[in-house]
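K.L.:
Please read through the structure below; I'll follow up with questions.
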Amino acid sequence: MKKNNIILIALLFFIFFIITHPAESMDAAANGLLLWYERLLPALLPLAILSNLMVYSNYMQMATKYLYPLTRRIVPTSRSGSFAFLGGMLFGFPMGSKISADLVCRQIISREEGELLAICFNQLSPVFISGYLLTGILNMPQMIPYSYAALYLPPLLYAVRHLKRLRPRDAKNAASCPGLSFGILDAGIMNGFEALTKLGGYMILFSIFAAILRIYNGNFPLLNLVCTGLIEVTTGIVGLKNSALPPEYVYGLALFFASFGGICGFAQTFSISSGCTFSKKRYLICRLCFAVTSSLLGMLFYLLFGAV
């Protein structure tokens, strides 16, 4: 009952803010919608559609036949799990969780393996890290290789350790014959649009929440900056650029935000994988541990190599 009361109060306060601050609410919603439309939709929609087609047409099995001998030397997944590993690493958040959830729902990989892959390989993509975060926002292109190491090594090591214990194997459904039809194509397109539309809704809501923080917590700019980054990654990183913090702290906090993914990213992840019973508590704890480790490594790398 107490939980319901807290949710009700939060919803009423949200409505109160929108009514009393219409200009700020509209600007925040527009910024969230613009970010979704200009960056997320064109980048992720084609990948969402293609990954749906690969999974539901079973052509993924043909691809992993050639990819698995290479990936198993890095991460000991099942053969089908190697597709989730590569998709998460290359396509980035939130495609990592979506591919893992699709494979679990199709009973192609086990729930335990899918949960582990969704936790560890649902990171921001290398293109986003190098192009948007380090070059476009922070102007630290010299830190690109060190950022990859700081962000991707902690979850990779965690995954290797636990997958060795799990020893995942492909399920029987993984042996289905590949085939593509207009029905699968239509379903893949609609599934991609549905998933990306949900992401847009979450980005709008959390952009308004970030605006609430800016207005009601204006006397504590550092706390406001940290809270904003914990809520929504891109907004927090843009705020870091304009802060007066030393560069090593700016870089370390940026990696913390990027590794954690934000509460908005958490909501998006479990919205897009709602058909699976992945543990929310384990996801949050692991991502926080990855974020702390990445941040500390990042500050160390910056002190060693960034100021040169």
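The values are calculated or read from the model by the stated rules, or taken from the named source; none is laboratory data. Computed from a prediction, not measured in an experiment: that's the story for all the values here. Neighbour counts run over all protein chains shown; Cβ positions are idealised from the backbone, glycine included.
K.L.:
How about region 64-86: which of its residues are among the small types (Gly, Ala, Ser) and either in a loop (DSSP other than H, G, I, E, B) or farther than 19 Å from Ser97 by Cα (or both)? Steps first, answer last, please.
P.N.:
Taking region 64-86 first, the residues among the small types (Gly, Ala, Ser) are 78, 80-82, 84.
Within region 64-86, Ser78, Ser80 meet the criteria.
K.L.:
Related question: If Gly188 satisfies every condition in (1) buried (at least 23 other Cβ atoms within 10 Å of the Cβ); (2) among the small types (Gly, Ala, Ser); (3) over 19 Å from Arg287 (Cα atoms) but one, which is the exception?
P.N.:
If we test Gly188 against (1) buried (at least 23 other Cβ atoms within 10 Å of the Cβ); (2) among the small types (Gly, Ala, Ser); (3) over 19 Å from Arg287 (Cα atoms), just (1) comes out false.
K.L.:
I would also like to ask the following. Can you tell me which residue within region 92-114, out of those that are surrounded by fewer than 23 Cβ atoms within 10 Å (Cβ to Cβ) and part of a helix (DSSP H, G or I), is modelled with the lowest pLDDT?
P.N.:
So, considering only residues that are surrounded by fewer than 23 Cβ atoms within 10 Å (Cβ to Cβ) and part of a helix (DSSP H, G or I), the one modelled with the lowest pLDDT is Cys105.
K.L.:
Search region 74-90 for residues that are closer than 11 Å to Gln61 by Cα and pair each with any residue that is polar (S, T, N, Q) and assigned to a loop (DSSP other than H, G, I, E, B) when their beta-carbon atoms are under 9 Å apart and the residues are at least 6 apart or on different chains.
P.N.:
Gly81/Ser110; Phe83/Thr77
K.L.:
Hey, another quick one. For Ala254, state whether it is under 17 Å from the mean Cα position of the chain (by Cα) and over 22 Å from Gly200 (Cα atoms).
P.N.:
For Ala254, the condition - under 17 Å from the mean Cα position of the chain (by Cα) and over 22 Å from Gly200 (Cα atoms) - is met.
K.L.:
When you scan region 200-211, do you find a residue that is at pLDDT below 80, within 18 Å of the chain's Cα centre (by Cα) and under 17 Å from Asn31 (Cα atoms), even just one?
P.N.:
Scanning region 200-211 turns up no residue that is at pLDDT below 80, within 18 Å of the chain's Cα centre (by Cα) and under 17 Å from Asn31 (Cα atoms).
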